[in-house]
Structure formats: structure tokens, C-alpha cells
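Below is one structure, written out as C-alpha cells, with a few remarks after it.
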Amino acid sequence: MYTTRWIAPSNIAIVKYWGKFDHQIPANPSLSFTLTHSHTDTKLTVIESKTTQNDDPTLEVFYDGISKPEFQPKILKFLQAILNEYPWLKGKLLKIETKNTFPHSSGIASSASGMAALACCIEDLHATYFVGQPFRWHKASESARLGSGSACRSVYGGFVQWGHSSDGEGSDFFATPVQEVHPNFKTIYDYILILDSGEKSVSSTVGHSLMKNHPYASHRFKQGKENTVKLKAILKTGDWRRFIELMESEALTLHAMMMTSTPPFILMKPKTLEAIQKIWQFRQTTNLPIGFTLDAGANLHLIFTADALEAVEQKLLPEVQYLCEQNTIIKDLIGRGPFKAD
Ligand code: DP6
């Protein structure tokens, strides 16, 4: 019996991954930063089972101590995708005990942190017990990608790129950390305004397939490629205005893609638009580096640096908190990436 436990945070994309080809190859590169508090904590126990070495692994999955057979198909599909890399998984019984620090309804990507945590657990057991070699972060990222694209970015801390870009950097197979980041962006916050928790966001399966035959697909993929290179230049120079302009354009383009797909989806709610107006007004009057991004849902991610922290806490939050369900705001910030627990 082998066991390990890893904690992996979720991430928030500034340049969005929206559209993919077979084998989880992204249609354009994406760039995110990894969070700190919104994470998945996963304990993996690998047990020799009575099945033969050629069989797929079998699973027992517990979320917060409660058996979750409904999680099995997605995890099994993930394990089948990584069996070539980790053949010792064949015929084993895997007990997965997992929990998140954030609510399911928050719009924080639990598949990103969940698949990253599991990929790190498997690479760790591989390195420690099966081959006796150092932990390979790029392999953990590559496996995580096969579970969920955005998960490959959660294997690293700080700002992270996934997908090759025209400057010759990045890979479609695994994520890589962005090396040059100006001190302005070293501490960056993500406060998630829970504007509509009941709302169903577009699932990633539906979302990515919307880009197949989308009338604006080729332009969008080109824009995503250009924005990745532009964003890295901005991260180097520390230009906050351009960062916000690019980030908000990416978020609104993501939603524009959904609104103009067949069938169309409108995921923003009246409160999302109200909160955006408040943020824009606040930025205009204070001139502070505060902007927003959105994922495939209604909740708004308020993104700002340390310079704006006091003003956000004291002046902006009182203006937007009443819009949030039960006044809920999840407060997070950039972090260092996954780590082994215990
Ligand atoms: C809008 O990574 O969830 O959050 O690869 O199908 O699991 P799959 O998709 P997923 O898509 C994330 C979409 C997004 C943008 C992003 O995180 O880049």
C-alpha cells in the first residue's frame, strides 16, 4: 500500500483557454495566475487489488468523507489517459479522499485544483516508490492537462502559461511558469464576488465545443495567441493600465463568444453588469489599478495589486458587497502552487 497527500490551488486565467483540439490541445495559449486559499486537498492511497495487471484501476472516491461514485467516470477517464506514463496504476485499487476549501457554487474551477492535486499525488508515488527518481513537475502538469486543460497551469505557482506562443515559449502539452514578472505584479489579489451561486455555468465540455464552427473562432484564436505574447511583455514592464485593458477584453470576449455561439449562452446576470459598472466608476474616480475578469459563469473576479488593497477593502467592497449572495466574497491572492502535505 502506498499513500501520499497533496494540496493544489485553483487558478484564474487572464488570457482564456476556450476551444481545443483532440487530446486536450488548446486552440490558443492561455496565461493565468495560481491562487493560494482556494485549493483541493487530496489523499491518494494505492492498494494492490485482486484484478489482473492488465485491468484498468478501480476506484473509491470520497469527497469530504462522503462516498461519491458519481465522480468516478471522469477520474477513470483521466487515469486511462495517463496509464502509458504510469503503467503501475494498472490493476490497482485507488482510494481518493478529497476536499475543496471553496464551495462548489463559487465559480472557482474545482477541476483545475482537483486534477492538479491528483496528478501531483500520482507523480509523487511514481517518483518515490516506482522508479526512485526526482519528482517531474512538467510530467505532473502534462498529466493534469489530460484531466482538465486549465489544471496543467495549477501545477505551478505565480503566473503560468500553457500553449506554445509565437515568441517560441510555452508548450501545448504542459504549462510553464512565466519567468519575468515586474514587482508590481508579485502580489496580486483575486476577490471573487459571488453574485449568483445558483446559476449554472457552461460546462467546459459544452464551452470548448461551442468554438467548433463558431463564426469568430479563427479571429478569437489569433487574438488569444497575440494576447499571450502581449501579456508577458506587460508582466515584464509592470504596466497596470495595459494589464487591466487586456484582462477585461479577454473576459468580455469569452462571454461574447458564448453569446454568439449556436446555441447562444448569456451567463452574465444583471448583478454582474452592475458590479462591472461600479468597478469602472471606482477606477475612474480613484485611478487605482483595479479590474475584473470572468470565467464561464456570472461571478466576478476583482483583480488588483497591493497598492489598491486598502481602497478595495475600505471603499470598494462596501459598494459591491450588497450585490453578493449573503454578502459572500471569497478573498484570495496569487500563490506558490501545489505542495505535499504532512
Ligand atoms: C473559461 O480547463 O475547465 O476557465 O480542458 O475541458 O477541462 P477542460 O476545460 P477547462 O476550461 C477552462 C475554461 C476557462 C478559461 C481558462 O481557465 O483558461
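The values are calculated or read from the model by the stated rules, or taken from the named source; none is laboratory data. These numbers come from a predicted model, not from an experiment. Note: ideal-geometry Cβ built from the backbone for every residue, glycine included; neighbour counts use all protein chains shown.
Restricting to the range 179-193, what's the tally of residues that are more than 11 Å from Thr305 (Cβ to Cβ) and surrounded by fewer than 21 Cβ atoms within 10 Å (Cβ to Cβ)?
3
Could you look through the range 236-289, keep only residues that are of a type in the set (Ser, Thr, Tyr) and not in a helix (DSSP H, G or I), and pick out the one that is surrounded by the most Cβ atoms within 10 Å (Cβ to Cβ)?
Ser261
Go through (1) away from the ligand (no atom under 16 Å from the Cβ); (2) of a type in the set (Gly, Ala, Ser); (3) in contact (Cβ under 8 Å) with a residue 24 or more places away in the chain and name the single condition Ser150 misses.
Tallying (1) away from the ligand (no atom under 16 Å from the Cβ); (2) of a type in the set (Gly, Ala, Ser); (3) in contact (Cβ under 8 Å) with a residue 24 or more places away in the chain, Ser150 fails exactly one: (1).
Taking Ile14 as meeting all but one of (1) within 11 Å of the ligand (Cβ to nearest atom); (2) more than 28 Å from Gln161 (Cα to Cα), write down the number of the exception.
(2)
May I ask you to say which residue of Thr205, Thr228 is part of a helix (DSSP H, G or I), outside the structural domain of Leu35 (by TED's automatic domain parsing), within 16 Å of the ligand (Cβ to nearest atom) and free of Cβ contacts under 8 Å to residues at least 24 places away in the same chain?
Details: Thr228 fails: free of Cβ contacts under 8 Å to residues at least 24 places away in the same chain.
So the residue among Thr205, Thr228 that is part of a helix (DSSP H, G or I), outside the structural domain of Leu35 (by TED's automatic domain parsing), within 16 Å of the ligand (Cβ to nearest atom) and free of Cβ contacts under 8 Å to residues at least 24 places away in the same chain is Thr205.
Could you tell me whether any residue of the range 158-178 is β-branched (Val, Ile, Thr), within 16 Å of the ligand (Cβ to nearest atom) and more than 12 Å from the chain's Cα centre (by Cα)?
Narrowing the range 158-178 to residues β-branched (Val, Ile, Thr): 160, 176, 178.
Retained after the next criterion (residues that are within 16 Å of the ligand (Cβ to nearest atom)): 160, 176, 178.
Now narrow it down to the ones that are more than 12 Å from the chain's Cα centre (by Cα): 176, 178.
Within the range 158-178 (the criterion being β-branched (Val, Ile, Thr), within 16 Å of the ligand (Cβ to nearest atom) and more than 12 Å from the chain's Cα centre (by Cα)), the answer is yes, since at least one residue qualifies.
Have a look at Ser166, Ser141 and point out the one that is within 26 Å of Ile75 (Cβ to Cβ), in contact (Cβ under 8 Å) with a residue 12 or more places away in the chain and out of contact with any Leu (no Cβ under 8 Å at 6 or more places or on another chain). Lay out the reasoning, then the answer.
On the way: Ser166 fails: within 26 Å of Ile75 (Cβ to Cβ).
Testing whether each residue is within 26 Å of Ile75 (Cβ to Cβ), in contact (Cβ under 8 Å) with a residue 12 or more places away in the chain and out of contact with any Leu (no Cβ under 8 Å at 6 or more places or on another chain) leaves just Ser141.
Tell me the strands (runs of 3 or more DSSP E) entirely within the range 9-107 that contain at least 2 residues that are within 17 Å of the chain's Cα centre (by Cα) and surrounded by fewer than 23 Cβ atoms within 10 Å (Cβ to Cβ).
It comes to 30-48, 92-100.
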